[in-house]
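Beneath this line is the structure, given in structure tokens, with notes to follow.
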Amino acid sequence: MTTASVLIVDDEQDILDTARMFLKQELSTVHIESDPTQLPARMKATDYDVILLDMNFTRGVNDGEEGFYWLSEILRLDPQAVVILITAYGEVDLAVKAMKNGATDFVLKPWKNQKLLGTVLSALQLRSSKKEVLRLKDTQEKLSGDLDHHYHEFIGTSPAIQRVQELITRVAATDADVLILGENGTGKELVARAIHRQSVRRDHVFISVDLGAISETLFESELFGHVKGAFTDARQDKAGRFEIAAGGTIFLDEIGNLSPALQAKLLTVLQHRRIQRVGSAKEIAVDFRLVCATNMPLHEMVFDKKFRQDLLYRINTVEIRVPSLRERADDIPLLAERFLARYAQKYKRPGIKFDKAVLSRLKKYAWPGNIRELQHAVERAIILTEGKVIASEGLLTGGGLRQPVTATPQTLDEMEKLFIQQALANHHGNVSTTARTLGLTRTALYRRMKRHGI
């Protein structure tokens with residue numbers, strides 16, 4: 001017996017009794033109702049999987065208007081309702097019209113029992129599919145919400161971060177491809193998620209792909225999908241990340257790590273917005289918003305023939321550079337306080353706070369790991385501090401203020417590094433302007449930045 005609840009609504013008692021007696025042999029719950037005005041109360045009391053609805057309830061009337069009315073009421077009360085119409089042979093045209101208005105199927109009376117059962121069972125499968133779609137949608141929204149909870153809005157009032165926020169707002173309203181540049185730990189994925197949340201695609205999925213963690217052998221299968229039997233372990237069809245991202249945003253992190261061969265394959269997909277699953281010759285159209293990120297100097301890599309120029313042009317319709325933490329030192333106390341509040345709650349340390357002198361001294365630390373390092377440092381300090389006040393910057397910086405931004409350089413290399421850092425800060429991280437100011441080409445400046453770890 002199938003576990004399902006069915007409601008039959010008809011003004012003829014013989015039809016109700018006959019249908020109920022037969023369907024009760026196959027289905028766990030079968031209710032009957034001769035008065036359609038009781039439909040709202042019935043639907044409020046029971047979540048019906050299928051409703052069988054007669055087209056006419058007034059004797060001598062066969063225009064189907066009553067059926068259309070109650071069909072609309074059912075769908076108003078439950079937009080996911082599955083309705084099968086009960087109709088006479090001469091009313092087939094009305095039934096077809098009703099199906100265009102939301103009905104699922106119809107049965108002709110008098111019916112053959114097996115035909116009725118088959119129609120109901122098919123409708124139950126549709127109802128199950130609708131419920132699963134809703135469940136998956138709710139699950140996706142919950143998971144996306146939980147994941148986004150870890151990616152908060154930008155915190156900071158420095159000019160550098162305000163420019164990033166302005167760019168996000170401007171580019172999010174478009175569907176342009178975006179390239180996000182910045183050091184590790186600066187919050188590039190946070191920028192990508194902020195763009196998605198403010199875009200017209202915000203109600204669809206955000207798919208994050210770490211290209212640096214996908215091997216070349218799995219690249220096509222992971223991104224484009226595969227069909228059953230395409231290779232040894234392909235036991236069933238599998239959609240790739242681009243298909244899953246349909247309608248939403250796909251974020252390709254660490255795109256600078258792709259080999260030339262994989263760059264060519266990715267370029268083809270981005271140009272045509274069509275993919276082919278591994279093992280299939282069929283092309284599938286995909287609609288997505290592309291956001292990429294890297295900490296590598298792609299422009300210099302193009303000059304060195306390590307990154308395709310046409311791919312770079314394709315992915316950076318708009319380019320956003322996320323400043324390092326040392327370029328926004330005035331935001332450090334604000335960020336530190338935000339992390340303090342978060343981890344104080346997590347580790348149940350109410351009232352714990354920073355000594356003001358510590359916050360001031362933290363601004364002088366270079367933070368090579370950027371915001372991620374600061375976040376972990378605050379968490380560590382809360383765990384290791386016994387009292388209510390974090391009074392030693394050593395707890396946060398791992399033993400003291402290493403690599404101070406204002407330290408006096410001791411070698412020519414240190415002097416050059418400091419000079420470049422200061423020039424970049426003066427020009428708000430704009431590499432092209434900084435290069436012109438220093439009398440260097442953009443590529444030459446990138447090489448020096450790479451050598452100094454800037």
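Structure data summary
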{"item": "Every residue from segment 376-417 that is over 18 Å from F339 (Cβ atoms), open to solvent by less than 70 Å² (accessible area, probe 1.4 Å) and modelled with pLDDT of 80 or more", "result": "G387, E416, K417"}
{"item": "Test set (1) assigned to a helix (DSSP H, G or I); (2) at pLDDT 95 or above - L179 fails condition number", "result": "(1)"}
{"item": "Qualifying strands (runs of 3 or more DSSP E) (wholly inside segment 283-322; at least 2 residues being of a type in the set (A, V, I, L, M) and within 19 Å of V209 (Cα to Cα))", "result": "289-294"}
{"item": "Hits in segment 348-378 (condition: out of contact with any helix residue (DSSP H, G or I) (no Cβ under 6 Å at 6 or more places or on another chain) and of a type in the set (F, W, Y))", "result": "F354"}
{"item": "Condition met for L116 (assigned to a helix (DSSP H, G or I), on the phi < 0 side of the Ramachandran plot, open to solvent by 10 Å² or more (accessible area, probe 1.4 Å) and of a type outside the set (K, R))", "result": "no"}
{"item": "Scope segment 179-206; condition under 11 Å from the mean Cα position of the chain (by Cα), surrounded by fewer than 20 Cβ atoms within 10 Å (Cβ to Cβ) and closer than 30 Å to A377 by Cα; matching residues", "result": "R197"}
{"item": "Given (1) closer than 19 Å to G156 by Cβ; (2) surrounded by fewer than 17 Cβ atoms within 10 Å (Cβ to Cβ); (3) under 26 Å from the mean Cα position of the chain (by Cα); (4) charged (D, E, K, R), index of the condition R321 fails", "result": "(2)"}
{"item": "Elements of type strands (runs of 3 or more DSSP E) in segment 1-113, at least 2 residues being open to solvent by 40 Å² or more (accessible area, probe 1.4 Å)", "result": "2-9, 27-33, 105-108"}
{"item": "Cβ pairs under 6 Å, 6+ apart, first in segment 364-380 and of a type in the set (S, T, Y), second open to solvent by 30 Å² or more (accessible area, probe 1.4 Å)", "result": "Y365/L401"}
{"item": "Residue count, segment 185-213 (criterion: closer than 18 Å to G256 by Cβ and at pLDDT below 90)", "result": "2"}
{"item": "Segment 207-228, residues that are open to solvent by 60 Å² or more (accessible area, probe 1.4 Å) and in a loop (DSSP other than H, G, I, E, B)", "result": "K228"}
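Matching residues to (1) of a type outside the set (S, T, Y); (2) modelled with pLDDT under 90:
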{"position": "K100", "(1), (2)": "yes, yes"}
{"position": "L108", "(1), (2)": "yes, yes"}
{"position": "K115", "(1), (2)": "yes, no"}
{"position": "S122", "(1), (2)": "no, no"}
{"position": "R127", "(1), (2)": "yes, no"}
{"position": "R135", "(1), (2)": "yes, yes"}
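So that you can scan it fast, the table gives a plain yes or no per residue for (1) touching a strand residue (DSSP E or B) at 6+ places or on another chain (Cβ under 6 Å); (2) closer than 21 Å to L179 by Cβ; (3) of a type in the set (S, T, Y):
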| residue | (1), (2), (3) |
| --- | --- |
| R201 | yes, yes, no |
| S221 | yes, no, yes |
| G247 | no, no, no |
| I250 | yes, yes, no |
| S259 | no, yes, yes |
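The values are calculated or read from the model by the stated rules, or taken from the named source; none is laboratory data. Just so you know, these numbers come straight off a predicted model, no measurement behind them. For neighbour counting, all protein chains shown are included, and Cβ atoms are generated from backbone atoms with ideal geometry for every residue, glycine included. For accessibility, only protein heavy atoms count, side chains too; no ligands or nucleic acids. Shrake-Rupley method; radii C 1.70, N 1.55, O 1.52, S 1.80 Å.
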